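What follows draws every value from the coordinates through simple rules; no lab data is involved. These numbers were taken from a predicted model, which means no experiment stands behind them. As a convention, Cβ positions derive from the backbone with ideal geometry for all residues, glycine included, and neighbour counts pool all protein chains shown.
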């Protein structure tokens, strides 16, 4: 019996019918087994629908998709987790498409080295002409790169995309595609907007674009259609003239702030141009990209991490300086004093004077550059494993679980006795 005081000062009694831990676990196990049996009647090969986390870590962790950009990977904690929606947002000309192509090309290269294949689907909505230059500069393998050009409406384009992801008959994810890029959310044209434009462009269709994007993301998130694929949304800013704070607003409505687990803002600062010689010549060959992880609701990385890297026009991202910065930060390159560095490579310590000299050495030696990047990636992987949530291992002895249950029951009984004594007082 448990005694509890009422508002008026009296005491009412009720019978404690709470089950102990072992009984509750047994009941939940029966329910879980029944759910999975019913779910596998139509598709015996489908993964578990309901399961205990311990012993099923492979169903929880789909792995990471690294970007290949060492600065971005360090901010993300190793890369983008599979099975998630991510958003890349920024102003025009900041290198959003360039970064997406680099991610695809890098993972295609890694998969090829392992004897595997990395398949990407690119939904191109901005124009019929596909931007081949970023893909060629990134060295994208077009044999495993599928392009969907914009159809007559955004809904039809998204319907086509869903055929690559979802089996409507079995209601299961196909898991054939590793990464999907939508470029861009802003250019998706709702059918209702096209119909209203047939009469006059003056006809307003408020909220149709936001409703279309919200429905797409809701289906992808709620149905599990993504499976182990990564969906990367490329978005743009527009100006909200009614806003009293920051006038920048992302297209696609408020859903774009909720469904993506990761949101990255990249910008091109006004003073970030890279010049050849003095600035007075106005001969610039690239610009610096600055970014911040505005949102990160995954188990890896952390929000509000910042990164920076240069983009060279006609070539792509230059990773030499970001790699040197991270190597110094991680202690791979020892900075003994401002402008003085100790580089330990092949068992020999090389003393270098000046940042420009260090950059020239790393840029001129491809094997050294690759070795530094490999060491940084290993450091990032160790950090990711440390940040991952722990779970009960398969080797846990049954006696340990039983003793834990018994100690918990004893603690509950002791707690109830203390409650009764306190009530009597």
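Quick notes
- Segments 188-195, 31-38 sorted - mean Cβ within 10 Å per residue, highest first: 188-195, 31-38
- Fully extending the segment from residue 168 to residue 191 would add 6.1 nm, taking 0.36 nm per residue of separation and subtracting the current Cα-Cα distance.
- Per-residue Cβ neighbour counts within 10 Å put 206, 300 in the sequence 206, 300, beginning with the fewest.
- Sorted by Cβ neighbour density within 10 Å, fewest at the top, the residues 220, 123, 174: 174, 220, 123
- Cα gyration tensor, segment 319-388 - rounded (a/c under 1.5), prolate or oblate: prolate
- The fewest-to-most ranking of 98, 379, 176 by surrounding Cβ atoms within 10 Å reads 176, 379, 98.
- Our estimate of slack between residue 346 and residue 242, defined as 0.36 nm per intervening residue step minus the Cα-Cα distance, is 31.4 nm.
- With the convex hull of its Cα atoms as the shape, segment 93-201 has an orientation-averaged projected area of 8.7 nm².
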